[in-house]
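Take a look at the structure below.
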Amino acid sequence: MSQRTLGIITIVIGSLFLISIIFVVLFGVKLASANQQKADEIKSNLSAQQTELNAAFQAQLEKTTTKYVADEVFGSFEFSYPKVWSTNVNQEVGAATELTFLADPNLIVLNKDVAGPYPALRVEVFQEKYASKLTDTENSNKNVKNPMTEADVTVSTIKGKKFVGTDDKSGKQFAYIILPLRDKTLYIGTDDLTKYSKNYDTIVATFKISK
């Protein structure tokens, strides 16, 4: 075998070896990518399952309710809400907002330097009479870029109005009902309708209000 032939054979074998290495590397990269994709898929599925389990567990806990009864000065209206929710109550008779009751699955933090909170349930009593409060609300609703929707509603035989809109700062959809409460106005709302619509509707249905 001549030296030239041997050189050609060496070059061919070397080329084949190099090609083989390239294929092995490419296969390894593809295999690693496939394994990573599979690992990410498994991680995503496990995360989704954990989220579902947490939601189911929370829903089960929320089936146990407790009752809030307002002071007699407000007509002792009452309603039920999930016992596991955190609450915050502020009462100041004679103020513009005489009562504020907040409830949420998470801890409620009141911080003037931070936007919010945006609780699942917000119940307030305004000193302002219902007719005046409704007029003010409807008038202010006419002068905004994205006005709230308005609808008639009845809660515990009391007729009032329901408003649904989107908060400009948080971007969250909210809903609230205003009702006459003797010579005052009762507000029943949620600051995050998208997340808590079912809870909100359930709680509203438990209200008992005396005329």
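None of the figures in this text is laboratory data; all of them are computed from the coordinates on show. As the structure is a prediction and not an experimental result, all values here were calculated from the model. With ideal geometry, Cβ positions are generated from the backbone for all residues, glycine too; neighbour counts draw on all protein chains shown.
Rank the residues Glu41, Glu62 as a footprinting-exposure proxy: fewest other Cβ atoms within 10 Å of their Cβ go first.
Starting with the residue having the fewest Cβ neighbours, the order is Glu41, Glu62.
List every residue whose amide H lies under 5 Å from the amide H of Glu128, counting only residues 5 or more places away in sequence or on a different chain, with H placed 1.01 Å from N in the peptide plane.
Sorted by chain and number, the residues that satisfy this are Thr185.
Please work out the FRET efficiency for the pair Ala34 and Thr66, using the Cβ-Cβ distance as r and a Förster radius of 41 Å; give the result to the nearest 0.05.
0.20
For Thr87 and Lys169, FRET efficiency with R0 = 22 Å and r from the beta-carbon atoms, rounded to 0.05?
0.40
Using only Cα atoms and rounding to the nearest 10 degrees, what angle (0 to 90) does helix 193-204 make with the longest principal axis of the chain?
For 193-204 against the chain, the angle is about 40 degrees.
Mind checking the angle between helix 130-141 and the chain's longest principal axis? C-alpha axes, 0 to 90 degrees, to the nearest 10.
Helix 130-141 sits at roughly 40 degrees to that axis.
Go through the stretch 60-68 residue by residue and turn each phi into a ³J(HN,Hα) via Karplus (6.51, -1.76, 1.60, θ = phi - 60°); whole Hz please, and just put x for glycine and proline.
Each residue of the stretch 60-68 in turn: 5, 4, 6, 6, 8, 10, 10, 10, 10 Hz.
Working out 0.36 nm times the residue gap between Glu41 and Phe23, then minus their Cα-Cα distance, what length gain in nm do you get to one decimal?
Between Glu41 and Phe23, full extension yields an extra 3.8 nm.
Going out from 0 in 5 Å bins, what whole percent of all Cα-Cα distances in the stretch 64-204 drops into each bin?
Reading the bins upward from 0: 2, 9, 19, 23, 22, 17, 7, 1, 0.
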